[in-house]
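A.B. asks: A single structure is presented below for examination.
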Amino acid sequence: MLSSYRSFFLTERFLIGTSLLRIAIGFIILYNYFVNYWQRYFLWHDFGINMYSDEFKLMSWSLYNLSSSILYFDVIYHLGIIVTIIYLLGYKGRIFTFLTYVFFYSIYTRSFTISDGGDNLLIVNMFFLLFTNNTAYFSLDAALREKTRDFSELDVFHKFKLIIHNFAVLFCIIQLCIVYFFSGMYQIMGEMWQNGTALYYISQVREFSRPILKDVVDNYIGLTIIISYLSILIKIAFPFVITNKRIKPFIVSAMILFHAGIGMGMGLLTFSLVMIVMELLVFSDSEYRSMHAYIKKTTRKLSVSLKRKTRVWGTAKLNQMRIVVFYDSWCPICTQISVKLRNLDCFRLLQLVSLRDSVLVKSYELDAEELVKRMHTVSVGKPGSEKKGIDALYQISIRIPQLWIVAPFLYIFSKLGIGGLLYDYVASRRKVIPVGNCDQACDFVPVGTAKE
C-alpha cells in the first residue's frame, strides 16, 4: 500500500488543470485591477473610503502599508498589473506565482469592505499553488522548455518537488470540498432553505439581486423551490462523488450552472468566476486529454455535416455570388493559401483556378501580365466584372464566414488606397517556381520574370 501511494505521488499529476487555473486566475485578478482602476484611490489608498489607520497597518501586511504616497501607490498598483500579466503568460512560473500572490494579497488585505467571498477562497488556494508546477502547459515556460525529462531519472530534489506539487493540488481540492460541504450543511440549518423560500428572500434584497432573479422567482415558484433543494444536495454530495469518473462531469457541470446562476442573478461576478475556475483542478490530465479528443471528434463531425448541408443550400441560394479566383500555381505561398481557402469555403462560392490556364484567362478577357502581379476574381459567367489585388481579397472575405471579421478592414484599406499599396508591396516580393519550365537546378524566380 505504501509503495502504491509513493508511486502515485512521484508521478506529476494535474498539470493541465493547474495550467488552466493559472490562466483563469490571471484573468480574474486583471479584471479586479482594471474594473476598479479609476476608483483605486477611493477604495485602497490611505486617504480613501476606509481611511486605513496605523493600528490597521500594524495588524495587517500589505505593500501598500509601506508608504502613503500616491506615487508609491501607483507604482505598486501598476507593478501588480505587470506581474499578473507575466504570471498569466506563464513565464518563470514559480517566481511570478509568488510575486502575483504578494501583490494580490496586498490588495486583498485592503478589500474587506468590498469583498464578495470569492477572494477568500482565491487567496487560500493561491498560497497552495505557490508549490505547484502551473506552467507545464499553455505557457512561455512550456514553449521554451526542452524535451520532458524522464521522471525515473530525477534526483531527490526533483522527486520532492513532484510530491509537493501533488499534495498542493490535493489541498486545493480538499479546500474546495470543505467549502461546498459546510456551505450545504449551513443551508440545511437555515429555515428558509428548509422550506424552499431562500431564493425568494434573496430576490428581495436590492443589493444582491438582479431583475432576472426577481423575474424567475415571481413567475416560476416551483422551479425556485427545486433549485433551492438541489443546491443543497449537490454541495453536500460534491466531496463524495468527485472520485467517481462517471458522475464527476455531471456534478461539476451542476456546480458550474449553480455559480453561473449566482453571477447572473445576484451580480456576484468575481465570486462566481472563482468558484467555477477552481473546478478545473478536479480533472486529471488523462481526463482532459479524453475531453479534448471527444470535443475534437465531435467538432469534426459537426463541421463535415455543416459543410454538406450548407453546400446544398449555397448552391441553390447563393449561386449568383460564385466567383472565379485566379491564383498563381507557381507561387508556393499562393498554392498553400488556395488549399486553405478551399477548406474554409463551406458555401462553395469560390472556384479557384490557376492563372497559368491560358484558355480560361482568355475566356474572361483578362490581362495575363496583370494577373501575374495581382490576384483576380471574376463573377462566374460575367466577363468584365473582375476585381484585383486588395479588392479581390475583399470579395473572397465576404464569401467565407471565418473571414468576415477582416472584411471591414480590407474594405476600408481599399478605399483609403493603403491596401492596394501594401498588397502590391507584398505581392512583388513573393517568389515563383516556373514548374515544367526548368531543369533540376531551377532557382526561385522573382515575380514578373518567369516566362510561360
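The values are calculated or read from the model by the stated rules, or taken from the named source; none is laboratory data. Small disclaimer: the values here were computed from a predicted structure and weren't measured. FYI the Cβ positions are ideal-geometry reconstructions off the backbone, even for glycines, and counts take in every protein chain you see. Heads up: the accessible areas ignore ligands, DNA and RNA and are worked out on the full protein's heavy atoms, side chains in. Shrake-Rupley method; radii C 1.70, N 1.55, O 1.52, S 1.80 Å.
A.B. asks: Does Y425 meet the test of being more than 18 Å from I323 (Cα to Cα), modelled with pLDDT of 80 or more and in a helix (DSSP H, G or I)? It would help to see each step written out before you state the result.
C.D. replies: Values: more than 18 Å from I323 (Cα to Cα): yes; modelled with pLDDT of 80 or more: yes; in a helix (DSSP H, G or I): yes.
Yes, satisfied.
A.B. asks: Still on this structure, please answer the following. Looking for something in contact (Cβ under 8 Å) with a residue 24 or more places away in the chain, open to solvent by 20 Å² or more (accessible area, probe 1.4 Å) and within 35 Å of the chain's Cα centre (by Cα) - is there at least one such residue anywhere in the range 355-372?
C.D. replies: No - not one qualifying residue is present in the range 355-372.
A.B. asks: Please name all residue pairs, on different chains or six or more residues apart, with Cβ atoms under 6 Å, provided the first residue is in the range 215-238 and is among the β-branched types (V, I, T) and the second residue is open to solvent by 80 Å² or more (accessible area, probe 1.4 Å).
C.D. replies: V217/Y200
A.B. asks: Among the listed residues V282, V252, V277, which satisfies the condition of being touching an Asp or Glu at 6+ places or on another chain (Cβ under 9 Å) and open to solvent by less than 30 Å² (accessible area, probe 1.4 Å)?
C.D. replies: Numbers: V282 fails: touching an Asp or Glu at 6+ places or on another chain (Cβ under 9 Å); V277 fails: touching an Asp or Glu at 6+ places or on another chain (Cβ under 9 Å).
None of the other options fit; the residue is V252.
A.B. asks: Just one of (1) of a type in the set (K, R); (2) more than 20 Å from T335 (Cβ to Cβ); (3) at pLDDT 80 or above trips up K362, so point out which.
C.D. replies: Result: K362 passes all but (3).
A.B. asks: Within the range 203-214, how many residues turn out to be of a type in the set (V, I, T) and either surrounded by 12 or more Cβ atoms within 10 Å (Cβ to Cβ) or in contact (Cβ under 8 Å) with a residue 24 or more places away in the chain (or both)? Please lay out each step first, then the result.
C.D. replies: As a first pass, look at the range 203-214 and keep what is of a type in the set (V, I, T): 205, 212.
Okay, now just the ones that are also either surrounded by 12 or more Cβ atoms within 10 Å (Cβ to Cβ) or in contact (Cβ under 8 Å) with a residue 24 or more places away in the chain (or both), so 212.
Total meeting the criteria: 1.
A.B. asks: As an exercise: evaluate F326 against (1) open to solvent by 70 Å² or more (accessible area, probe 1.4 Å); (2) modelled with pLDDT of 80 or more and give the number of the one condition it does not meet.
C.D. replies: F326 satisfies all of (1) open to solvent by 70 Å² or more (accessible area, probe 1.4 Å); (2) modelled with pLDDT of 80 or more except (1).
A.B. asks: Taking the range 161-202 on its own, how many of its residues are within 24 Å of L223 (Cβ to Cβ) and free of Cβ contacts under 8 Å to residues at least 24 places away in the same chain?
C.D. replies: 8
A.B. asks: List the number of the failed condition for W404; all other conditions in (1) open to solvent by 30 Å² or more (accessible area, probe 1.4 Å); (2) modelled with pLDDT of 80 or more; (3) within 20 Å of A368 (Cβ to Cβ) hold.
C.D. replies: Going through the list (1) open to solvent by 30 Å² or more (accessible area, probe 1.4 Å); (2) modelled with pLDDT of 80 or more; (3) within 20 Å of A368 (Cβ to Cβ), W404 breaks only (3).
A.B. asks: Now for a separate question. Exactly one of these conditions fails for T270: (1) in contact (Cβ under 8 Å) with a residue 60 or more places away in the chain; (2) surrounded by fewer than 17 Cβ atoms within 10 Å (Cβ to Cβ). Give me its number.
C.D. replies: Just one mismatch for T270, condition (2).
A.B. asks: Is it true that G196 is out of contact with any Cys (no Cβ under 9 Å at 6 or more places or on another chain) and either open to solvent by 90 Å² or more (accessible area, probe 1.4 Å) or under 30 Å from M126 (Cα atoms) (or both)?
C.D. replies: On the way: out of contact with any Cys (no Cβ under 9 Å at 6 or more places or on another chain): yes; either open to solvent by 90 Å² or more (accessible area, probe 1.4 Å) or under 30 Å from M126 (Cα atoms) (or both): no.
No; evaluated as a whole, the condition is false for this residue.
Residue-by-condition table, conditions (1) closer than 25 Å to T270 by Cβ; (2) open to solvent by 30 Å² or more (accessible area, probe 1.4 Å):
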| position | (1), (2) |
| --- | --- |
| M185 | yes, yes |
| M189 | no, yes |
| Y201 | yes, yes |
| D218 | no, yes |
| S231 | yes, no |
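A.B. asks: Give Y288, Y294 a once-over and let me know the one that is free of Cβ contacts under 8 Å to residues at least 40 places away in the same chain and under 30 Å from A168 (Cα atoms). I'd like the intermediate steps shown before the answer.
C.D. replies: Working: Y288 fails: free of Cβ contacts under 8 Å to residues at least 40 places away in the same chain.
Of Y288, Y294, the one residue that is free of Cβ contacts under 8 Å to residues at least 40 places away in the same chain and under 30 Å from A168 (Cα atoms) is Y294.
A.B. asks: Here's something else I'd like to know. Hey, among F112, F128, which residue is at pLDDT 90 or above, surrounded by fewer than 21 Cβ atoms within 10 Å (Cβ to Cβ) and either in contact with a strand residue (DSSP E or B) (Cβ under 6 Å, 6 or more places away or on another chain) or over 16 Å from L30 (Cβ atoms) (or both)?
C.D. replies: Numbers: F112 fails: at pLDDT 90 or above.
Step by step, each of F112, F128 is checked, and only F128 is at pLDDT 90 or above, surrounded by fewer than 21 Cβ atoms within 10 Å (Cβ to Cβ) and either in contact with a strand residue (DSSP E or B) (Cβ under 6 Å, 6 or more places away or on another chain) or over 16 Å from L30 (Cβ atoms) (or both).
A.B. asks: If you don't mind, there's one more thing I want to ask. More than 29 Å from M59 (Cβ to Cβ) and either at pLDDT 95 or above or surrounded by 16 or more Cβ atoms within 10 Å (Cβ to Cβ) (or both): which single residue out of L121, L162, L140 fits that description?
C.D. replies: Values: L121 fails: more than 29 Å from M59 (Cβ to Cβ); L140 fails: either at pLDDT 95 or above or surrounded by 16 or more Cβ atoms within 10 Å (Cβ to Cβ) (or both).
So the residue among L121, L162, L140 that is more than 29 Å from M59 (Cβ to Cβ) and either at pLDDT 95 or above or surrounded by 16 or more Cβ atoms within 10 Å (Cβ to Cβ) (or both) is L162.
A.B. asks: Filter the range 373-382 down to residues that are open to solvent by 40 Å² or more (accessible area, probe 1.4 Å) and closer than 15 Å to I337 by Cα, then give me how many there are.
C.D. replies: Taking the range 373-382 first, the residues open to solvent by 40 Å² or more (accessible area, probe 1.4 Å) are 373-374, 380-382.
Retained after the next criterion (residues that are closer than 15 Å to I337 by Cα): 374.
Qualifying residue count for the region: 1.
A.B. asks: Moving to a separate point now. Right, S385: open to solvent by 30 Å² or more (accessible area, probe 1.4 Å), touching a residue at least 60 places away in the same chain (Cβ under 8 Å) and touching a strand residue (DSSP E or B) at 6+ places or on another chain (Cβ under 7 Å) or not?
C.D. replies: Numbers: open to solvent by 30 Å² or more (accessible area, probe 1.4 Å): yes; touching a residue at least 60 places away in the same chain (Cβ under 8 Å): no; touching a strand residue (DSSP E or B) at 6+ places or on another chain (Cβ under 7 Å): yes.
Criteria not met by S385.
A.B. asks: Hey, can you tell me all the residues within the range 42-79 that are open to solvent by 50 Å² or more (accessible area, probe 1.4 Å) and under 31 Å from the mean Cα position of the chain (by Cα)?
C.D. replies: Once the filter is applied, which keeps residues that are open to solvent by 50 Å² or more (accessible area, probe 1.4 Å) and under 31 Å from the mean Cα position of the chain (by Cα), the range 42-79 yields V75, H78, L79.
A.B. asks: I would also like to ask the following. When you go through R94, R110 one by one, which is the residue that is among the basic types (K, R) and in contact (Cβ under 8 Å) with a residue 60 or more places away in the chain? Outline the logic, then answer.
C.D. replies: Details: R94 fails: in contact (Cβ under 8 Å) with a residue 60 or more places away in the chain.
Result: R110 is the single residue among R94, R110 that is among the basic types (K, R) and in contact (Cβ under 8 Å) with a residue 60 or more places away in the chain.
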